[in-house]
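Here the structure is laid out as structure tokens; the discussion comes afterwards.
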Amino acid sequence: MRPILYRWLPAAVAIILLASCGGTEPTTPTVQTSTVRLYNGLTPGKSARVTIAGKPYGSTVQSGGRGPSQQIDAFSEPVEFAIDAGQTTQVYAKATATFPVGTRTSLVTFPGTSIFEPKWYPDTVVVVRDTGSPLAGKARMRVINATDGGTFSLGDLGVYVDEVRKFSITDLPIRSISKWLPVDPGEHQLRVVREWQIPYEAATRGINFIEGGSYTLFLSGTLNLGDTWAFQAKLFTDNDLDAPVDLLIPPDVGSFQIVNAVTGIRSIDVKIDGKIVPTMAQVPFPNATGYIDLDLGTHALEVLTNGTPLVTNVRTVATLRSRKTMFVSGTLVPPNIVGIELAEPERAPNVGKAYIRVVNLCPDSPLLDVALQKDSAESIPDAFRSLEFREVSSVSGGQSQFLALTPGTHTVVVYRAGTKDVILPGVDVQLKPGEVRTLWIGGLLSKIALHSVQHAK
């Protein structure tokens, strides 16, 4: 059904009437009554209550929460209603709408923007008719995106059930309610992923979806760094007796690891902020340490072997959910050891694809072309041509270093650039859906080899 736009009464803001679907309520409305419930997406400190035709219903609902179903008098003609702070003298929004006999309605409030934003939006409310039921043998879910993005209205959140993206960023603009989508019953990992720039997981939790159940994922708060309004992700069922499930919010840290790509050195130790990190001690060639969490901010790094410094006066900056790998490469003789820090996504942008980048870390190699063979066909992606020592592949048309590939077995062959002179014979690489990996070419030319670091799986 197309949205029906209502005009606000004085001092009110826009209201949208959306046709939607809701699951079975715990109480069926009786004759001459209707049922409403309130989702409060307003900023912290703004507890909200529903008042219809001057009559308040229920107690106030905290920011990020949902109130219980309330039976109200039915109104077949438009009637004034308000969202207030628990007292009629402090109204956040008011409008007119109908509440026909026997209908179930959700009222969803969305936050306004700061008066300091270039474009100002007031607090708003959306009226949603909750009708229908899940498909036979299925559960269903919708998403309310009440997050605050300032004036950025597109949104940057996707919602996944296991590795399947159910709602994309185009489905979830700021201040919106999605349509209902079917979900298979049973245990699933529900994930909210911020998909802007480098993707990261904003919230996750294992959920047991019940056949015939209707679920609303309510997102509120902000993911903007430095904002005191904490991001929340709560999953509600349509049964008021069920407590909401809070999705787990990962800590505000960055992830960091180091790879020993130094030719001729048996192992390295890594100091961060002056201290040896236990999981980064005695790291043999060509291993990776695995990721550790770093507090947000700048950190000093030092790489040593047998107590002798190899790399000093290096800094890494951990930003919110950043994911970085430093490749320590070069040779001890002649002295040429450098740390190269690269960033990677926490998740594959498309879980049906595998993503790889290539780095040439062979100190005495010529320019290299890296070819991929699959099903008897061979290609050399433009991003993998003429790689010099310490050069990283770069995919044309964007800032990504990673090339998306069809999962399966790919054979990697390394040639002298511009020729068919084989530098490294074919190496089979098995790529799985959703994997993000770096393939790096290391060792001296006489013992050149292909190595791999996995970033996401």
_Being buried (at least 18 other Cβ atoms within 10 Å of the Cβ) and over 24 Å from Asp148 (Cβ atoms) is the filter here; which residues of region 82-97 pass it?_
Ala97
*Of the residues that make up region 388-399, is at least one crowded, with 19+ Cβ neighbours inside 10 Å and of a type outside the set (S, T, N, Q)?*
no
*Go through (1) closer than 29 Å to Gly264 by Cβ; (2) free of Cβ contacts under 8 Å to residues at least 24 places away in the same chain and name the single condition Asn360 misses.*
(2)
_Inter-residue pairs, beta-carbon under 9 Å, first farther than 21 Å from Asp364 by Cα and in region 324-344, second part of a strand (DSSP E or B) and among the small types (Gly, Ala, Ser), 6+ apart_ = Lys324/Gly254; Lys324/Ser255; Lys324/Ala318; Lys324/Ala343; Thr325/Ala288; Thr325/Ala343; Glu344/Ala456
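To keep it simple, each residue is scored yes or no on (1) farther than 14 Å from Asp123 by Cβ; (2) outside the structural domain of Gly213 (by TED's automatic domain parsing); (3) modelled with pLDDT of 95 or more.
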{"residue": "Ala19", "(1), (2), (3)": "yes, no, no"}
{"residue": "Thr28", "(1), (2), (3)": "yes, no, no"}
{"residue": "Thr33", "(1), (2), (3)": "yes, no, no"}
{"residue": "Thr43", "(1), (2), (3)": "no, no, no"}
{"residue": "Ile52", "(1), (2), (3)": "yes, no, yes"}
{"residue": "Thr60", "(1), (2), (3)": "yes, no, yes"}
{"residue": "Pro78", "(1), (2), (3)": "yes, no, yes"}
{"residue": "Thr89", "(1), (2), (3)": "yes, no, no"}
*All but one of (1) over 34 Å from the mean Cα position of the chain (by Cα); (2) surrounded by fewer than 20 Cβ atoms within 10 Å (Cβ to Cβ); (3) farther than 23 Å from Trp229 by Cβ hold for Thr35, so report the exception by its number.*
(2)
*What do you reckon, is Arg390 assigned to a loop (DSSP other than H, G, I, E, B) and in contact with a Leu (Cβ under 7 Å, 6 or more places away or on another chain)?*
yes
*Residue by residue through region 283-308, note down the ones that are under 32 Å from the mean Cα position of the chain (by Cα), within 23 Å of Cys362 (Cβ to Cβ), in contact (Cβ under 8 Å) with a residue 40 or more places away in the chain and not in a loop (DSSP other than H, G, I, E, B).*
Ala288
*Does Gly212 satisfy the condition of being touching a residue at least 24 places away in the same chain (Cβ under 8 Å) and crowded, with 20+ Cβ neighbours inside 10 Å?*
no
*Could you give every pair whose Cβ atoms fall below 7 Å, whose first residue belongs to region 411-439 and is free of Cβ contacts under 8 Å to residues at least 12 places away in the same chain, and whose second residue is aromatic (Phe, Trp, Tyr), counting only separations of at least 6 or pairs across chains?*
Asp421/Tyr415; Val422/Tyr415
*Scan region 309-363 residue by residue and report those that are in contact with a Pro (Cβ under 8 Å, 6 or more places away or on another chain), in a strand (DSSP E or B) and not aromatic (Phe, Trp, Tyr).*
Arg323, Ser329, Gly330, Thr331, Asn336, Ala354
_Unmet requirement for Trp229, which otherwise passes all of (1) at pLDDT below 95; (2) surrounded by fewer than 18 Cβ atoms within 10 Å (Cβ to Cβ); (3) closer than 26 Å to Ala318 by Cβ; (4) hydrophobic (A, V, I, L, M, F, W, C)_ = (2)
_strands (runs of 3 or more DSSP E) enclosed by region 206-275 - at least 1 residues per element that are more than 27 Å from the chain's Cα centre (by Cα)_ = 253-263, 267-272
*Is it the case that region 194-207 has a residue that's surrounded by 16 or more Cβ atoms within 10 Å (Cβ to Cβ), within 30 Å of Ala300 (Cα to Cα) and acidic (Asp, Glu)?*
yes
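Looking for something surrounded by 17 or more Cβ atoms within 10 Å (Cβ to Cβ) and more than 17 Å from Val270 (Cβ to Cβ) - is there at least one such residue anywhere in region 331-340? Give the derivation first.
Pass one, region 331-340, residues surrounded by 17 or more Cβ atoms within 10 Å (Cβ to Cβ): 337, 339-340.
Still in the list and also more than 17 Å from Val270 (Cβ to Cβ): none.
No, because not a single residue in region 331-340 is surrounded by 17 or more Cβ atoms within 10 Å (Cβ to Cβ) and more than 17 Å from Val270 (Cβ to Cβ).
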*Report, by residue number, each residue of region 229-282 that is without any contact (Cβ under 8 Å) to a residue 12 or more places away in the chain and β-branched (Val, Ile, Thr).*
Ile276
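A quick yes/no check of all residues on (1) touching an Asp or Glu at 6+ places or on another chain (Cβ under 7 Å); (2) of a type outside the set (S, T, N, Q):
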residue	(1), (2)
Pro56	no, yes
Ser76	no, no
Ala85	no, yes
Arg104	yes, yes
Gly112	yes, yes
Ile144	no, yes
*Can Arg357 be described as crowded, with 20+ Cβ neighbours inside 10 Å and modelled with pLDDT of 95 or more?*
yes
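Take the conditions modelled with pLDDT under 95 and under 17 Å from Asp238 (Cα atoms) and apply them to Thr131. Does it pass?
Values: modelled with pLDDT under 95: yes; under 17 Å from Asp238 (Cα atoms): yes.
Yes; evaluated as a whole, the condition is true for this residue.
The values are calculated or read from the model by the stated rules, or taken from the named source; none is laboratory data. Quick caveat: nothing in here was measured; it's all calculated off a predicted structure. Backbone-built Cβ (ideal geometry, glycine too); neighbour counts: all protein chains shown.
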